[in-house]
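Take a look at the structure below.
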Amino acid sequence: MEASLSKLVEDVKEAVPGVEVTAIHVDSETLKTKVGFVFHGVHSTVQLEAVQDVVKYHGDEGYRELVKAIRDHLLIQSHPAEEIEPGVFEGTVLVADTPTINGTIYSSDVLKKAAEDYNKRDVKVGMEAIQGTQSGDKVELSKVSHNVSKLVVEDGKLVARVELLKTPMGKSLSKIIEAMRKQGKDLNVGLFVRGKGSLTKKGGWNVVDDDFTIVSIDIGSESSRMMGNTYLSEGFVCAPSVFDRDPESY
């Protein structure tokens with residue numbers, strides 16, 4: 001099959017009713033053709049050349065998996081973590097054994113091992129997911145906003161529960177959430193994993209090896225996701241992305 005831009009747009013629209021195409025353009029530096037999608041504030045930008053590579057290596061099945069990955073990302077990230085009590089949020093961080101929007105696959109075993117290792121730590125904290133704080137393999141204590149009280153793999157999904165702390169960043173995020181609540185807006189808070197490790201290239205996918213470790217589980221409001229949005233569904237430190245990750249380039 002031929003992976004055309006029009007076919008990709010048509011198939012994503014069919015998979016995610018209500019999705020909007022934000023822009024289609026050629027990057028002046030890389031000369032790569034990009035198409036941007038947005039669904040309830042969640043952005044995804046895909047390079048056509050990356051889609052063609054997936055089709056080259058994996059054929060029709062690979063293309064269907066890619067469209068499914070885009071769909072899953074938009075749908076999962078558009079359904080925010082649930083506030084189960086004031087200041088406590090729980091939600092899906094990653095789906096195991098399914099390609100993420102940047103072409104990375106985390107197996108269930110890799111996620112289970114990483115979660116178990118993470119849960120052995122004495123201190124399990126994360127940062128607010130705002131632009132400029134989401135990369136790297138360390139948690140900056142001055143930017144800590146919450147405690148991670150639960151991290152497990154359930155039904156093929158990495159699920160986390162976080163509790164906001166009374167730190168400066170925790171208080172800042174609490175104010176944002178309270179303002180959204182007063183304005184009658186959906187809270188739309190997302191949870192994101194940041195980690196490090198090695199990858200094995202298998203065809204068009206980046207498969208995460210079993211040396212993967214979780215640095216932190218970060219949290220962000222809708223505004224921070226739309227501003228930075230370097231996560232998609234993960235913030236893998238070492239992963240070479242085949243997808244553009246900057247919605248501001250639309």
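Is it the case that some residue within the range 53-70 is within 18 Å of the chain's Cα centre (by Cα), of a type in the set (Ser, Thr, Tyr) and either on the phi > 0 side of the Ramachandran plot or not assigned by TED's automatic domain parsing to the domain that holds Asn206 (or both)?
No, the range 53-70 has no match at all.
I need the full set of residues from the range 57-84 which are modelled with pLDDT under 85, more than 19 Å from Val9 (Cβ to Cβ) and charged (D, E, K, R), in order please.
Matches in the range 57-84: Glu82, Glu83.
From the set of residues in the range 111-128 that are without any contact (Cβ under 8 Å) to a residue 40 or more places away in the chain and in a helix (DSSP H, G or I), which is farthest from Phe212 (Cα to Cα)?
Asn119
Just a yes or no: is a residue in the range 41-50 at pLDDT 85 or above, of a type in the set (A, V, I, L, M, F, W, C) and closer than 26 Å to Phe192 by Cβ?
So far as the range 41-50 goes, no, none of its residues is at pLDDT 85 or above, of a type in the set (A, V, I, L, M, F, W, C) and closer than 26 Å to Phe192 by Cβ.
Yes/no matrix, rows are residues, columns are (1) without any contact (Cβ under 8 Å) to a residue 12 or more places away in the chain; (2) touching a Ser or Thr at 6+ places or on another chain (Cβ under 6 Å):
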{"position": "Glu14", "(1), (2)": "yes, no"}
{"position": "Gly18", "(1), (2)": "no, no"}
{"position": "Thr22", "(1), (2)": "no, no"}
{"position": "Lys32", "(1), (2)": "no, no"}
{"position": "His40", "(1), (2)": "no, yes"}
{"position": "Thr45", "(1), (2)": "no, no"}
{"position": "Gln52", "(1), (2)": "no, no"}
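Any chance the range 85-94 includes a residue that's part of a loop (DSSP other than H, G, I, E, B), modelled with pLDDT of 85 or more, out of contact with any Lys or Arg (no Cβ under 7 Å at 6 or more places or on another chain) and assigned by TED's automatic domain parsing to the domain that holds Val152?
Scanning the range 85-94 turns up at least one residue that is part of a loop (DSSP other than H, G, I, E, B), modelled with pLDDT of 85 or more, out of contact with any Lys or Arg (no Cβ under 7 Å at 6 or more places or on another chain) and assigned by TED's automatic domain parsing to the domain that holds Val152.
To keep it simple, each residue is scored yes or no on (1) buried (at least 18 other Cβ atoms within 10 Å of the Cβ); (2) within 17 Å of Ala81 (Cα to Cα); (3) not β-branched (Val, Ile, Thr).
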{"residue": "Asp155", "(1), (2), (3)": "no, yes, yes"}
{"residue": "Val159", "(1), (2), (3)": "yes, yes, no"}
{"residue": "Leu173", "(1), (2), (3)": "yes, yes, yes"}
{"residue": "Met180", "(1), (2), (3)": "no, yes, yes"}
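The values are calculated or read from the model by the stated rules, or taken from the named source; none is laboratory data. Everything numeric here is computed off the predicted structure, so don't read it as measured data. Note: ideal-geometry Cβ built from the backbone for every residue, glycine included; neighbour counts use all protein chains shown.
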